[in-house]
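The values are calculated or read from the model by the stated rules, or taken from the named source; none is laboratory data. This one's a predicted model, so the numbers in the text were calculated from it and none came from an experiment. Cβ coordinates were reconstructed from backbone atoms using ideal geometry, including for glycine residues, and neighbour counts include every protein chain displayed. Please note that ligands, DNA and RNA were not included when accessible areas were found on the heavy atoms of the full protein model with its side chains. Shrake-Rupley method; radii C 1.70, N 1.55, O 1.52, S 1.80 Å.
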Amino acid sequence: MTAIRTASAAAALGLTGLVLCAPAATAGDNDSFHVSVAPTTIAAGGQVTLYASGCDDVTTVSAGIFDSVTIDGGSGQKTATVDWDAKQAALYTVKFECKGGPSRSVDLTIASGRQDNPMPPPVPHGVKAGVGGSLAGFDLHEIGLGAALILGAMGGAYYFSRRRTGEGDA
């Protein structure tokens, strides 16, 4: 009985928190113009990927540390190379302007040190996963041995579960 009361109290508390937070989550902008910069901290000379979606026309991306970039309408991404003379440990504002629509800003931090061979930016798609060698080839000998081991284990478990104990065994 105590567990039911505790669970119902926890559920009521969780539901109350959800109801109180829901208006704050929906009180933001109602437009669908979303932007991001990846990574948000980069060394001078590195490449950043600029993402924009929800703009019906072109999006112009500008900052004081790379050349202006234009992203086609709808959604898309472009890369930009950060200038080598960008000030280390500085915070720059990257401005995304949707033509005929809203504009957004994202902060970009320049890390300490210089990057001679920058890593390529992350690509926004799923992992390229294979079967991991599990279907590389069917070896009939290995399959038969595995099946025999499984059947032996199941037979042993059955035998010991059905075995009667004698009167002298305790």
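Restricting attention to segment 82-110, which residues are closer than 19 Å to G46 by Cβ, open to solvent by 40 Å² or more (accessible area, probe 1.4 Å) and not in a strand (DSSP E or B)? The answer is D83, W84, D85, K87, Q88, A89. Taken over segment 40-89, residues that are under 16 Å from S103 (Cβ atoms) and hydrophobic (A, V, I, L, M, F, W, C) amount to 8. Going through (1) free of Cβ contacts under 8 Å to residues at least 24 places away in the same chain; (2) over 21 Å from S32 (Cβ atoms) one by one, G46 falls short only on (1). Of the listed requirements (1) at pLDDT 85 or above; (2) in contact with a Ser or Thr (Cβ under 9 Å, 6 or more places away or on another chain); (3) not in a strand (DSSP E or B), P124 misses just one: (1).
Would you be able to tell me the number of residues in segment 43-81 that are in contact with a Phe, Trp or Tyr (Cβ under 9 Å, 6 or more places away or on another chain), open to solvent by less than 10 Å² (accessible area, probe 1.4 Å), assigned to a strand (DSSP E or B) and among the β-branched types (V, I, T)? Residues flagged as in contact with a Phe, Trp or Tyr (Cβ under 9 Å, 6 or more places away or on another chain), open to solvent by less than 10 Å² (accessible area, probe 1.4 Å), assigned to a strand (DSSP E or B) and among the β-branched types (V, I, T) within segment 43-81 amount to 4.
A search for C-beta distances below 6 Å between a residue of segment 69-89 that is under 15 Å from L50 (Cα atoms) and polar (S, T, N, Q) and any residue that is modelled with pLDDT of 85 or more and in a loop (DSSP other than H, G, I, E, B), counting only pairs 6+ apart in sequence or on different chains, returns T70/V58. All conditions in (1) surrounded by 15 or more Cβ atoms within 10 Å (Cβ to Cβ); (2) within 19 Å of the chain's Cα centre (by Cα) hold for T40, with the sole exception of (1).
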